[in-house]
Amino acid sequence: MQTLRASKCGLSTAQLPSYILDVIDALTKAGYEAYIVGGGVRDLMLGLNPKDFDAVTNATPSQVKEVFGRRCRIIGRRFELAHVYSGRELVEVATFRAPPKKAVTSAQGMILRDNNWGTIEQDFARRDFSINAMYYQPRKGIVLDFCNAVDDIKHKTLRLLGDPQTRFEEDPVRMLRTLRFAAKLNFNIAPEILDVFTPQLTQLLRDVSPHRLYDESQKLFTMGHLNRVMPMLIEFGIWQQLFADIKPHVTPFVERAAKNTDQRISIGKTINPAFFYAVLLWEQFQERCHFYLHKGVVAAEARAQAGLDVLKRQSTRTIIPRFAETFIREVWEMQTRLLSPKPQQIEALSGHARFRAGFDFLLLREKSGDPTTQGMGEWWDAYQLMSGDQKERAISQYNRQRAKNRRSKTDEVVLTKVHTQELEPLVQEPESRSRRQRKAKQEVQAKVERSVASGSTDGSIGSDHPILKRKRVQRDLSQVIFGPTQ
């Protein structure tokens, strides 16, 4: 272990928000050790802006709750943690962990219980990546580095502490964290990790809770480097473990949506992670819609059932919360309404709660080369920037064009029917089962064709004409009532 001066690592208390200092000071005043650890320290050393800060202490979760009272809430069963609220901010406070006295693991080696408290040296050994294992004490101005993590940061290398195979078996989610950190920090993955990171090993993710995998997928979507990590998910075999029935291929639509998501994060705009799930599952949703439409199901019912089927299938990998599922289905439903809106409903549609998300989805489809949008993405984009009078003129013009398209489509259908329709006989005679009768009928037809070919146009009917061979049906006229009836 080496003790480094915080100033030499580029760290100072001026970089830290007041809420994390409040937590550190309160624990220190109560007589406990307290450090800032994890991604917050790493990002500050890299010159990045940390999204949050985590603390670690030798106080147990119950002791942390004694210090902070109502401001603290103990969570977790597998990893027991204390959530401390400082104003509106949340700080995750963990206790130093020791190796488990009795290993509680699954058949594949995944740790199921890990609530054994220990020292800071033992806690370091339980960390996953070297770059996340630096302990920063801001009031003392020191950084404790147990594994030369400073060198890994300097050389931009992502290295696991311990044997990579064992660490992945202990917690398969570390495979996702490996790709996330490599994409976010633009670090190189250490060779010893690449040697064991195989598609066969990714099968361990099937043992992880779908709820936890959903949380990890949200971190992938919101880290700001989604476009960089998507090909990595395919390359390392993670894609098939996260997404059910989605082909491992980054389509132009998915790529454009990923770039758009990263751009929004870079300029500080908010994003809804469920939106990217709607993009990923769009192709499966369309295929399922065609399946139900081919079976004769009404279009609205086909879309509703297709949405339920796709989301239910995806829940076998990542369980999407109910509110997020509702959002995804509403975005899909808005596509039909935005493509062919009724003129009298355009103004109300532009004020719909899901209009913005549906419009963004439609415009991304159009810009990625989807021909089925029919240019409506640009139309809605221009419509939102118009004044009241301009909107009225745009709606009138849209209505005229809509009527014109409807008439032209009707004319095409009529012309097609005229050209393709064949004359049918007035009387449909059933095909005779007797071979002799079929042969006689063919001979009669041949005689008629020969007479036409020879120019016989006198209109005379021969004795062998089919009409003379029809049997007359005798009707009982006694049952027929003539005149007005009662």
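The values are calculated or read from the model by the stated rules, or taken from the named source; none is laboratory data. Note that the coordinates shown come from a computational prediction; the quantities given were computed from them, not determined experimentally. Don't worry about glycine lacking a Cβ; one is built from the backbone with ideal geometry, like all the others, and counts go over all protein chains shown.
Numbers for the structure displayed
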item: Tally, over region 116-156, of residues that are assigned to a loop (DSSP other than H, G, I, E, B), under 20 Å from Q15 (Cβ atoms) and of a type in the set (S, T, N, Q); result: 0
item: Residue match in region 360-374 (condition: at pLDDT below 90 and either surrounded by 13 or more Cβ atoms within 10 Å (Cβ to Cβ) or part of a loop (DSSP other than H, G, I, E, B) (or both)); result: yes
item: Count of residues meeting criterion [of a type in the set (V, I, T), assigned to a helix (DSSP H, G or I) and touching a Leu at 6+ places or on another chain (Cβ under 9 Å)] in region 268-327; result: 2
item: Given (1) out of contact with any Leu (no Cβ under 6 Å at 6 or more places or on another chain); (2) at pLDDT 90 or above, number of the condition T261 does not satisfy; result: (1)
item: Matching entry among A82, A94, A133, A149 (being modelled with pLDDT of 85 or more, within 34 Å of the chain's Cα centre (by Cα), aliphatic (A, V, I, L, M) and under 21 Å from L179 (Cα atoms)); result: A133
item: Residues that are in contact with an Asp or Glu (Cβ under 9 Å, 6 or more places away or on another chain) and loosely packed, with under 15 Cβ neighbours inside 10 Å, drawn from region 115-150; result: R139
item: In region 286-301, the residues that are closer than 20 Å to F253 by Cβ and hydrophobic (A, V, I, L, M, F, W, C); result: C289
item: Residue check for L4: under 27 Å from N148 (Cβ atoms), in a strand (DSSP E or B), of a type outside the set (V, I, T) and at pLDDT below 95; result: yes
item: Single residue of region 62-95 satisfying the filter (in contact (Cβ under 8 Å) with a residue 60 or more places away in the chain and not aliphatic (A, V, I, L, M)) that is surrounded by the most Cβ atoms within 10 Å (Cβ to Cβ); result: S86
item: Count of region 197-207 residues which are touching a helix residue (DSSP H, G or I) at 6+ places or on another chain (Cβ under 7 Å) and either surrounded by fewer than 19 Cβ atoms within 10 Å (Cβ to Cβ) or of a type in the set (K, R) (or both); result: 2
item: Test: residue in region 254-262 that is in contact with a Gly (Cβ under 6 Å, 6 or more places away or on another chain) and not hydroxyl-bearing (S, T, Y); result: yes
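Residues are listed down the side, and each one gets a yes or a no for (1) out of contact with any strand residue (DSSP E or B) (no Cβ under 6 Å at 6 or more places or on another chain); (2) basic (K, R); (3) surrounded by 21 or more Cβ atoms within 10 Å (Cβ to Cβ):
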residue: R5; (1), (2), (3): yes, yes, no
residue: C9; (1), (2), (3): no, no, no
residue: L16; (1), (2), (3): yes, no, no
residue: Y19; (1), (2), (3): no, no, no
